[in-house]
Amino acid sequence: MLAVAGLQVSYGSIAALRGVSLSVGSGEVVSVIGPNGAGKSTLMAAITGGVTPRGGSVVFEGTSLLSLGPKRIVQRGISLVPEGRRIFSSLTVHENLKVGASTRTDRAAIAADIERMLGHFPALRERLDRPAGRLSGGEQQQLAIARALLARPRLLLLDEPSLGLAPLVVDLVYRILARLRSEGITILLVEQNVHRALAVSDRTYVLRTGSIEMQGTSAELLQAPRFEEAYFGFAGMKRGDRGASPT
Amino acid sequence: MTILLQGVLDAVSIGGLFALMALGIGLIFGIMRLINFAHGELITIGGYAMVVLADAPPLATAILTLLFVILLALVMERLAFRPLRQASLPTLLIASFAVSYLLQNVLLLIFGGNTKGVNFLPSLSQPIEFSGLRITYLQTVIIVVTIVLLVAVTLFLKRTRFGIQMRAAAEDFRMAQLVGIGATAVAVTAFATSGFLASVVSLLYITQIGVILPQTGLQPALFGFVATVLGGLGSLLGAAVGGFVIGCLAVVLQIVLPLELRLFRDAFLFAILFAVLLIRPQGFIVVRWARERV
């Protein structure tokens, strides 16, 4: 469904992605994990048209996304739940949901979809006409997900959905992801929270300093001896007796 | 009591013009993060359009002036600001200065530096008197038009699908793009609306002062900028409120200042505004700034 190959992105002379390749199949949940500064958000930006790559390709259902621009990428069926949620805080909850359907013109279906979202996220219904900035962090995350879903994406991208949320709220967010998955939405998830990501996804890529270090199914990765090494950049972070850096 | 009421009437009519001015400037700033100094030239050029169209029927003059100024605002967006959409704030600011001076000099080239009289609908300047209050027809028109336009712009931004998208873009332009709002459509609508507001100010303001020079638009634009800052940069409600406050201050100063100091009214006005901004630098209404992140 989505194929990223040899993707390179630089900010000035600093390389953020150095030839990243990954694929997401229809109906799959794929996660990209990696520490801060690994290039996860840059990867999301490159897929959604936020940055122009220096090299490589991003192909969605046979069409290159590279010169499309954000609006047409949304129209093709990719929505992003960005890092830090970025809901429109001066707009009401209802207006945020309407804005999520900006690429659509089927008014009746939009209203029905909003109603369906409010069924999924009852907390939002209670606060429908309040400014979204007054919502709690967890409610804002639900709003950000609902807003992204209103574009009727076939591929949903989530950038650090658990960041800054209390553990109970993270549970809720991941229950929502599990449900979306059962509804057949394909998900590409970027996370620092390794165990959450592995638990929800079919396959996982480990991204570090702009390159994919490892990949595999969740079970494979958890058993792989190099996993911690790939993730943290040096082995035995907790043991401390094998501190040499492999890369 | 009569003096007070008279003051309120004058304040509302002057403040209304500043509010419309500030709204036009604030709309572009809120959405594009562009402080458009060339907004004043839209006013000036509207005035010259009225000079050129002096012999046409008044309705035709008004409509053609409106259309011409809106068109000019759109051309400005297309030629000067669209290529700079990714540019930094200082670059945009300097570009708007360049557009402003360019237009002033083009006007100087075409019309010369002498004052031209504008005699649009002279009957509007006649005063109406009732129970000791004096108000001209033009002031009445200004008050009514201001109220209608403020309500219309508010309804547009609050109630229509496109208005909600514009507010979303004003808060976080990049995120607005990520939900699929077209950047160009938003920019074009913002400039068209701003141009429309400028053209209305132009018709009312130039009719009121009755003369036009290539620099005429500078002063109202300056008041408009101060009003947007006073109201809280980025807030449209703030811009309108700021405009009214400046209008009220101007009228109050006109009444309380001794005769020999009235010439320097604007100096007092700006001193007060300066003091207000020292106490409340964020303006009346605080807007959380959109995050800029790569």
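The values are calculated or read from the model by the stated rules, or taken from the named source; none is laboratory data. As the structure is a prediction and not an experimental result, all values here were calculated from the model. Neighbour counts are summed over all protein chains in view; Cβ atoms, including those assigned to glycine, are modelled from backbone coordinates with ideal geometry.
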### Index of the failed condition, A:S67 passing every other in (1) over 15 Å from the mean Cα position of the chain (by Cα); (2) away from chain B (no Cβ under 14 Å); (3) touching a residue at least 24 places away in the same chain (Cβ under 8 Å); (4) in a loop (DSSP other than H, G, I, E, B)
(3)
### Query
Looking at the stretch A:110-138, which of its residues are of a type outside the set (K, R), within 16 Å of A:S89 (Cβ to Cβ) and surrounded by fewer than 21 Cβ atoms within 10 Å (Cβ to Cβ)?
A:L128, A:D129, A:P131, A:G133, A:S136, A:G137, A:G138
### Task
Can you give me the ranges of the helices (runs of 4 or more DSSP H) entirely in the stretch B:134-181 with at least 2 residues that are charged (D, E, K, R) and more than 7 Å from every other protein chain (Cβ to nearest Cβ)?
B:137-159
### Message
Please count how many residues of the stretch A:171-190 are over 12 Å from the mean Cα position of the chain (by Cα), hydrophobic (A, V, I, L, M, F, W, C) and outside any helix (DSSP H, G or I).
### Response
1
### Query
What helices (runs of 4 or more DSSP H) completely inside the stretch A:75-152 contain at least 3 residues that are touching a residue at least 60 places away in the same chain (Cβ under 8 Å) and more than 9 Å from every other protein chain (Cβ to nearest Cβ)?
A:137-149
#### Entry: Only listed residue being surrounded by fewer than 22 Cβ atoms within 10 Å (Cβ to Cβ) and modelled with pLDDT of 95 or more, chosen from B:R78, B:R33, B:R82
B:R78
### Query
So which of B:V256, B:V252, B:V276 ends up being touching a residue at least 60 places away in the same chain (Cβ under 8 Å), farther than 30 Å from B:A54 by Cα and away from chain A (no Cβ under 14 Å)?
B:V252
### Query
Are any residues in the stretch A:195-217 touching a helix residue (DSSP H, G or I) at 6+ places or on another chain (Cβ under 7 Å) and under 21 Å from A:A16 (Cβ atoms), and if so, which ones?
A:T204, A:V206, A:L207, A:R208, A:E213, A:M214
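Part of a helix (DSSP H, G or I), touching a strand residue (DSSP E or B) at 6+ places or on another chain (Cβ under 8 Å) and at pLDDT 90 or above: is that true of B:I206 in this structure?
On the way: part of a helix (DSSP H, G or I): yes; touching a strand residue (DSSP E or B) at 6+ places or on another chain (Cβ under 8 Å): yes; at pLDDT 90 or above: yes.
For B:I206, the condition - part of a helix (DSSP H, G or I), touching a strand residue (DSSP E or B) at 6+ places or on another chain (Cβ under 8 Å) and at pLDDT 90 or above - is met.
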### Message
Against the condition surrounded by fewer than 20 Cβ atoms within 10 Å (Cβ to Cβ), at pLDDT 95 or above, touching a strand residue (DSSP E or B) at 6+ places or on another chain (Cβ under 8 Å) and more than 12 Å from every other protein chain (Cβ to nearest Cβ), how does A:V59 come out, does it pass?
### Response
yes
### Query
Hey, among B:L109, B:L103, which residue is more than 21 Å from the chain's Cα centre (by Cα) and under 25 Å from B:G46 (Cβ atoms)?
B:L109
### Query
Do we have any residue at all in the stretch B:181-198 that's of a type in the set (A, V, I, L, M) and farther than 23 Å from B:F29 by Cα?
no
#### Entry: Subset of the stretch B:182-206 that is of a type in the set (A, V, I, L, M) and within 17 Å of B:A221 (Cα to Cα) - its residue that is nearest to the other protein chains (Cβ to nearest Cβ)
B:L197
### Residue check for B:I128: more than 21 Å from B:A169 (Cα to Cα) and modelled with pLDDT of 95 or more
no
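One line per residue, one yes/no per condition, for (1) more than 12 Å from A:G34 (Cβ to Cβ); (2) modelled with pLDDT under 90; (3) out of contact with any Pro (no Cβ under 8 Å at 6 or more places or on another chain); (4) buried (at least 18 other Cβ atoms within 10 Å of the Cβ):
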site	(1), (2), (3), (4)
A:S162	yes, yes, yes, yes
A:L165	yes, yes, yes, yes
A:I212	no, no, yes, yes
A:E229	yes, yes, no, yes
A:M237	yes, yes, yes, no
A:R242	yes, yes, yes, no
### Task
Among the candidates A:G34, A:G39, single out the residue that is more than 13 Å from every other protein chain (Cβ to nearest Cβ), surrounded by 24 or more Cβ atoms within 10 Å (Cβ to Cβ), at pLDDT below 95 and under 15 Å from the mean Cα position of the chain (by Cα).
A:G34
### Task
Only residues that are among the aliphatic types (A, V, I, L, M) and either under 15 Å from the mean Cα position of the chain (by Cα) or modelled with pLDDT under 90 (or both): list them for the stretch A:144-160, please.
A:A144, A:I145, A:A146, A:A148, A:L149, A:L155, A:L156, A:L157, A:L158
### Message
Yes or no: the stretch B:239-260 includes at least one residue that is within 30 Å of A:A144 (Cβ to Cβ), of a type in the set (A, V, I, L, M) and surrounded by fewer than 23 Cβ atoms within 10 Å (Cβ to Cβ).
### Response
no
